[in-house]
Amino acid sequence: MNGFSLERVHAVLVKEFRQLVRDRLTFAIMLLIPIIQLTLFGYAINFQPRHLPTAVLAQENSRFARAIVAALKNSSYFDFTRQVRTPAELNALVRRGEVQFAVTIPGDFTRRVARGGDAQILVEVDASDPSATGPALAALEALPEQALAHDLDGGLAARGQGAPPFQVVVHNRFNPEEITAYNIVPGLLGVILSLTLVMMTALSVTRETERGTMETLLATPLEPIEVMVGKLAPYVLVGLVQTAVILVTARVLFGVPMMGGWIGLSLGTALFIVGSLALGFLISTAARSQLQAMQMSVFYMLPSILLSGFAFPFSGMPAWARAIGEAIPVTHFLRLVRGAMLKGQTLGDQWRELLALFAFVCVVTALAMARYRRTLD
Amino acid sequence: MTLAIDVTGLNKSFGDKHVVQDVAIQVEEGRICGFLGPNGSGKTTTLRMLCGLLTPDSGRGTCLGFDIVTQADQIKRRTGYMTQRFSLYDDLSIAENLEFIARVYRLDRQRERVDAALEHLGLASRRRQLAGTLSGGWKQRLALASATLHDPKLLLLDEPTAGVDPKARRTFWDEIHELAARGLTVLVSTHYMDEAERCHEIAYISYGRLIARGTAESVVAGSHLVTFNGEGPDIGRLAHEIAGRPGVETVAPFGAALHVSGTDRKALEAAIAPFRREPFHWQAAQPTLEDVFIHLMGQAEDNWPGGSPP
Ligand SMILES: Nc1ncnc2c1ncn2[C@@H]1O[C@H](COP(=O)(O)OP(=O)(O)OP(=O)(O)O)[C@@H](O)[C@H]1O
Ligand SMILES: [Mg+2]
């Protein structure tokens, strides 16, 4: 044992940093990936899908019913592709995915509007792709104010003032948690960070083995922990830059709210970056080649995307999937980021996720150290 | 007399391949020991065990007075190891590679040492060139500079002059002798006979077994090899005819001459008798190291357990 030497860590750190900067392509990719990903995803979010297939079940054939359908059409979000006669028919259309919206105007709609207070129309939404239906839903909010403006005349003119003449009841189907654009952008932070960082360290150690430079490293008095810290440090910086890029882009391009929780968010980001890098290091102790390291990193990305609550709502997953999800750092990081940016959570709400991330860093580092080979055996 | 390297009974297997078998090496301080043997005989594996890069399956001993099994860290700090394959960073410059080594060994006066090493190498003006873009010979010299940067007491060099031109090789060896004169112990593997002859002593390993050890002369003498040197116009054409005859172990052309060797003088004389006529001239000669090694290799094959070697 040589103890721990900051100078030797520094040696590895400087070397890594030089190699990283010299490898222009990788360096550029590391910085471009966040921007490209975010723009691509952001596009899908910002892209306001219009003319979505909609079915209407009008149980009364009234002036008001026609006015509502016309208003929906005018918003340009809804295309009335189907007229149906029964609720069962409507239901089937939604279930089969032939329409994304099902509007029901009840039979006593006109009477209730006239009486005032409790008139409703029902809009059922296939929310399995919320980025597609979100903008249309937003447009629905203005409907009660405006749809009947021209038709409330005579004795009903007073209904046009004050409270809206009816309510729109939105019923989400297939995706109760309803992930919105704001949900996705903060989530991307976790996914992009792990995608790039895990792979970078996984490659950086296997590259030494593949090029034969590991022999030089092992022949020196370097301790495994010194190699690990020295190798991780430059990428921590890269991770922080990526985070800044993503947050600024999210704010500027997509206006994602940033409610607060900065201390927890910063702590969590640091832990998450170190954890991802340490995981990459662990992978590299198992991989025999850069190709293997790459494959393992990609393999790790699958549950990170699918089971972390990024792609699908966490609460909607079966128990076994949730159990796997809990073991993945992205899951906790996502909660932390969403909690901070969207809800303004404070340390009091965040400590559980922070603890989970911290535990992950410790466990992975311990495993990596245990697995790191001090010899070529 | 202190032994810088003193190990016995070294064994190493990879899977069921027993690549180093009961190897013992002793090298006195300040001596240069040549480590010879055919490809795959276990030279690199042995060197790696000496500097702690591989753990021996069994065997014990010391390097520089430190136990090779339990004190590998101490040995590493005082040993310069030059790998067979260039193993510095291709994507770092010459100076950056040396700086890295200087830092890792926590040397004092780092800048000074790196500058001195560059000056000594004659690479001071190219210090910013990427190591990967150096020619093969220059890479080897850089690797030696980096292996000696921390003033090691023991140098393990694995084929340091492979692919190096004769003049650079001579400089290289002059330098190794200079280092040895200052008290460094050097164990150097090589395939070149002229280099073997420049060593204070040699160790010959074949199929994982050490089969000869000592000074070049004593190894030659110990082989009990008899060699005849034949000269004459186009004598090379006789090589085939002679090679098959009983008592002849090796036939090797040496320029215009032919070296015929065997351990049985009588049989050997009988074998060349038919060719002892004009225009050929035959003379008993001193076997060269190469004759001896080729002979040793043949013997090792005969001794290989279970027939032919892998
Ligand atoms: N890591 C390893 N795994 C499996 N076999 C190995 C390993 N390293 C070496 N060997 C085998 O051990 C034997 C000895 O190899 P070694 O590299 O020590 O030979 P060498 O004498 O250095 O040869 P050369 O002159 O070609 O460099 C070879 O048969 C080689 O294939
Ligand atoms: Mg070798």
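The values are calculated or read from the model by the stated rules, or taken from the named source; none is laboratory data. Note that this is a predicted model, so its numbers are computed, not measured. So basically every Cβ, Gly included, is an ideal-geometry build from the backbone, and we count neighbours across all protein chains shown. Note: areas computed on protein heavy atoms with side chains; ligands, DNA, RNA excluded. Shrake-Rupley method; radii C 1.70, N 1.55, O 1.52, S 1.80 Å.
See the values below:
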read-out: Residues of the range B:42-73 satisfying the condition of being among the small types (Gly, Ala, Ser) and facing chain A (nearest Cβ under 10 Å); value: B:52, B:72
read-out: Condition check for residue B:45: touching a residue at least 24 places away in the same chain (Cβ under 8 Å) and within 16 Å of ligand 1 (Cβ to nearest atom); value: yes
read-out: Answer residue from the range B:59-86, given it is crowded, with 22+ Cβ neighbours inside 10 Å and assigned to a loop (DSSP other than H, G, I, E, B) and is modelled with the highest pLDDT among those; value: B:83
read-out: Test: residue in the range A:269-278 that is touching a Phe, Trp or Tyr at 6+ places or on another chain (Cβ under 8 Å) and open to solvent by 30 Å² or more (accessible area, probe 1.4 Å); value: yes
read-out: Residue under evaluation residue B:123, criteria (1) within 13 Å of another protein chain (Cβ to nearest Cβ); (2) open to solvent by less than 10 Å² (accessible area, probe 1.4 Å), criterion not met; value: (1)
read-out: Test: residue in the range B:17-36 that is in the same structural domain as residue B:78 (by TED's automatic domain parsing), within 8 Å of ligand 1 (Cβ to nearest atom) and charged (D, E, K, R); value: yes
read-out: Selection status of residue A:291, surrounded by fewer than 15 Cβ atoms within 10 Å (Cβ to Cβ) and of a type in the set (A, V, I, L, M); value: yes
read-out: Count - residues of the range B:51-77 that are within 17 Å of residue B:152 (Cβ to Cβ), touching a strand residue (DSSP E or B) at 6+ places or on another chain (Cβ under 7 Å) and within 12 Å of ligand 1 (Cβ to nearest atom); value: 0
read-out: Subset tally (residues that are within 14 Å of chain B (Cβ to nearest Cβ) and either more than 16 Å from ligand 1 (Cβ to nearest atom) or charged (D, E, K, R) (or both)) for the range A:328-377; value: 3
read-out: Filtered residues of the range B:38-58 (kept if within 12 Å of ligand 2 (Cβ to nearest atom) and either open to solvent by 20 Å² or more (accessible area, probe 1.4 Å) or in a helix (DSSP H, G or I) (or both)); value: B:38, B:39, B:40, B:43, B:44, B:45, B:46, B:47, B:48
read-out: Helices (runs of 4 or more DSSP H) lying entirely in the range B:90-161 (those with 2 or more residues that are away from ligand 2 (no atom under 16 Å from the Cβ) and within 22 Å of residue B:64 (Cα to Cα)); value: B:94-104, B:136-148
read-out: Criterion violated by residue B:65 - all others in (1) within 16 Å of ligand 2 (Cβ to nearest atom); (2) of a type outside the set (S, T, N, Q); (3) out of contact with any Pro (no Cβ under 9 Å at 6 or more places or on another chain) satisfied; value: (1)
read-out: Residue tally, condition of a type in the set (Ser, Thr, Tyr) and more than 7 Å from chain A (Cβ to nearest Cβ), over the range B:74-104; value: 2
read-out: Of all residues making up the range B:277-300, the number that are crowded, with 17+ Cβ neighbours inside 10 Å and either hydroxyl-bearing (Ser, Thr, Tyr) or over 16 Å from the mean Cα position of the chain (by Cα) (or both); value: 7
read-out: Unique residue being more than 16 Å from ligand 2 (Cβ to nearest atom), modelled with pLDDT under 90 and not in a loop (DSSP other than H, G, I, E, B) when the list is A:357, A:342; value: A:342
read-out: Qualifying position, being open to solvent by 50 Å² or more (accessible area, probe 1.4 Å) and part of a loop (DSSP other than H, G, I, E, B), among A:335, A:322, A:374; value: A:374
read-out: Every pair of residues 6+ apart whose Cβ atoms lie under 8 Å, when the first sits in the range B:11-26 and is closer than 12 Å to residue B:41 by Cβ while the second is more than 8 Å from ligand 1 (Cβ to nearest atom) and open to solvent by 80 Å² or more (accessible area, probe 1.4 Å); value: B:21/B:209; B:23/B:209
read-out: Residue in the range A:229-239 that is touching a residue at least 40 places away in the same chain (Cβ under 8 Å), under 12 Å from residue A:374 (Cβ atoms) and at the interface with chain B (Cβ under 10 Å from one of its Cβ atoms) present; value: no
read-out: Residues of the range B:204-222 that turn out to be more than 16 Å from ligand 1 (Cβ to nearest atom), among the hydroxyl-bearing types (Ser, Thr, Tyr) and surrounded by 20 or more Cβ atoms within 10 Å (Cβ to Cβ), as a count; value: 0
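Results for (1) farther than 30 Å from residue A:209 by Cα; (2) modelled with pLDDT of 85 or more, shown as yes or no for each residue.
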site: A:275; (1), (2): no, yes
site: A:300; (1), (2): no, yes
site: A:303; (1), (2): no, no
site: A:312; (1), (2): yes, no
site: A:318; (1), (2): yes, no
site: A:323; (1), (2): yes, yes
site: A:327; (1), (2): no, yes
site: A:331; (1), (2): yes, yes
